Amino acid sequence: MAWKFNEVALTLKERKDRGEKSVIEAVVFDDVYPLYGQTDIKGSSEERNRAIQSDLVEQLRLLEKFLVAVLDVSPLPIYEELLFRLRKHMSAIRIGLSAGDEINVLEFVRNEIEVLFNQAFASESKVKESIETYKQALDPELKMVYRCRKSFEQSLTQINEAVSLLLDREEAQAQEMFPHYFEKYKTDGVEFNMYIGESLVPDRHFDPIYLKNLRLWQLEVMCEITRLTGSLKPALKIPLSTTQLILVHSAPLSIRFRQEEKKFDVDGAYNIRYEIVKKRIDKARIKGKSERLTQPGKIAIVYSNDREVQEYKLYIDFLQHKGLLDEEVEYLTLEELPGTNGLKALRVKVKQPQKNDSQSIRHKTNKVLPI
């Protein structure tokens, strides 16, 4: 898409050369078809909170031993009161975290307990030993217990990096089928946007078969991502699971480059609904149930009309034939969210490879070839 930016830059230069007012033209591509995919970490917020709880409790437990040792050599009521407050914090955190709890606990630790490390009684053997044990448990840079959170972040990063590398590799091959726009983001997982259409590639004729090809490619890559993250799970310090989601949108739309954000976004009020659905659909639940749409080991395909479901049934049938998807397909209606009414979904389980099957799916099976 560099050609479009070069074109805009050339037009701007020509205007300057003619002494005209310099106005940067908007970079807009009309009539492009969007594809959206998401790999999310199942229960990442809960896992992160559990890690924070564990670290805070461990830090307070070590300081509890310190205060008990202090009271043995200097039984002042104020130290007993500190121990009482520490245990209250510890009990509250074990029950659950609330907003501000982590900051409040760390301020209490640093302002009221760690300052005691320089008192005269700190030279007593048991007190000194408890201080050394505490300091050894702290992260050298963060100066706090960070063991469980570090394990969580390392596990999350390992998944994100593996998924990102796989997407980069496969997407390079997809560009050879028909050029398109691709972008990905790492959050608690990886999400990616793709746009395909003739306005993106003026020297190529766009045929709907290229859109179908890219949709099939996306679904097959999602199968591989599901298998990949499943195979990583036993080696992770925190055994995180992932969920996979595809959003189908058949109507063409326009995208505009946002100078402030340095990224493309959908253009026009009518097209905004697509962005709203993207932001909210991962929270969707099955109508009449409390069950979330996205589940580990399964791919959820969200759609809004029968033509889309018929198309994806063909792709699912094909990938079932290739041994990538389970035979059972769920047809689901989703609970309404603000701006997301009338959505339905297909959900299908991905078959995990056999233990002696170590090759990549897309290196074992026939590739989706350029049209």
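Computed quantities for the displayed model
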item: Test: LYS126 is among the basic types (Lys, Arg) and in a loop (DSSP other than H, G, I, E, B); result: no
item: Residue in region 39-51 that is farthest from THR243 (Cα to Cα), counting only those that are part of a helix (DSSP H, G or I) and small (Gly, Ala, Ser); result: ALA51
item: The lone exception for ASP168 - which of (1) surrounded by 13 or more Cβ atoms within 10 Å (Cβ to Cβ); (2) free of Cβ contacts under 8 Å to residues at least 60 places away in the same chain; (3) outside the structural domain of ILE93 (by TED's automatic domain parsing) it fails; result: (1)
item: Test result for LEU314, modelled with pLDDT of 85 or more and either within 14 Å of GLU224 (Cα to Cα) or surrounded by 16 or more Cβ atoms within 10 Å (Cβ to Cβ) (or both); result: no
item: Number of the exception - ILE41 against (1) over 30 Å from SER250 (Cα atoms); (2) surrounded by 17 or more Cβ atoms within 10 Å (Cβ to Cβ); (3) aliphatic (A, V, I, L, M); result: (1)
item: Residue check, ALA162 over 20 Å from the mean Cα position of the chain (by Cα), assigned to a helix (DSSP H, G or I) and outside the structural domain of ILE113 (by TED's automatic domain parsing); result: no
item: Complete set of residues in region 285-326 that are assigned to a loop (DSSP other than H, G, I, E, B), touching a residue at least 60 places away in the same chain (Cβ under 8 Å) and among the hydrophobic types (A, V, I, L, M, F, W, C); result: LEU324
item: Residue tally, condition in contact with a Leu (Cβ under 8 Å, 6 or more places away or on another chain) and more than 23 Å from LYS128 (Cβ to Cβ), over region 67-89; result: 1
item: Selected residue (only one of GLN158, GLN173, GLN154, GLN218 is at negative phi, surrounded by 17 or more Cβ atoms within 10 Å (Cβ to Cβ), out of contact with any strand residue (DSSP E or B) (no Cβ under 9 Å at 6 or more places or on another chain) and of a type outside the set (D, E, K, R)); result: GLN158
item: LEU142 vs. criteria in a loop (DSSP other than H, G, I, E, B), of a type in the set (A, V, I, L, M) and out of contact with any helix residue (DSSP H, G or I) (no Cβ under 8 Å at 6 or more places or on another chain); result: yes
item: Set ILE93, ILE78: member being buried (at least 18 other Cβ atoms within 10 Å of the Cβ) and either part of a helix (DSSP H, G or I) or in contact (Cβ under 8 Å) with a residue 12 or more places away in the chain (or both); result: ILE93
item: Verdict on SER91 being over 30 Å from TYR185 (Cα atoms) and modelled with pLDDT under 95; result: no
item: Residues within region 174-232 that are of a type in the set (D, E, K, R), assigned to a helix (DSSP H, G or I) and without any contact (Cβ under 8 Å) to a residue 60 or more places away in the chain, tallied; result: 0
item: Test result for SER54, loosely packed, with under 14 Cβ neighbours inside 10 Å, within 40 Å of the chain's Cα centre (by Cα) and either part of a helix (DSSP H, G or I) or among the basic types (Lys, Arg) (or both); result: no
item: In region 210-243, residue farthest from SER155 (Cα to Cα) [restricted to those that are in contact with a Phe, Trp or Tyr (Cβ under 9 Å, 6 or more places away or on another chain) and among the aliphatic types (A, V, I, L, M)]; result: LEU211
item: Odd one out for PHE121 among (1) modelled with pLDDT of 95 or more; (2) surrounded by 15 or more Cβ atoms within 10 Å (Cβ to Cβ); result: (1)
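The values are calculated or read from the model by the stated rules, or taken from the named source; none is laboratory data. Just so it is clear, the structure is predicted and the values come from calculations on it, not from any experiment. Neighbour counts are summed over all protein chains in view; Cβ atoms, including those assigned to glycine, are modelled from backbone coordinates with ideal geometry.
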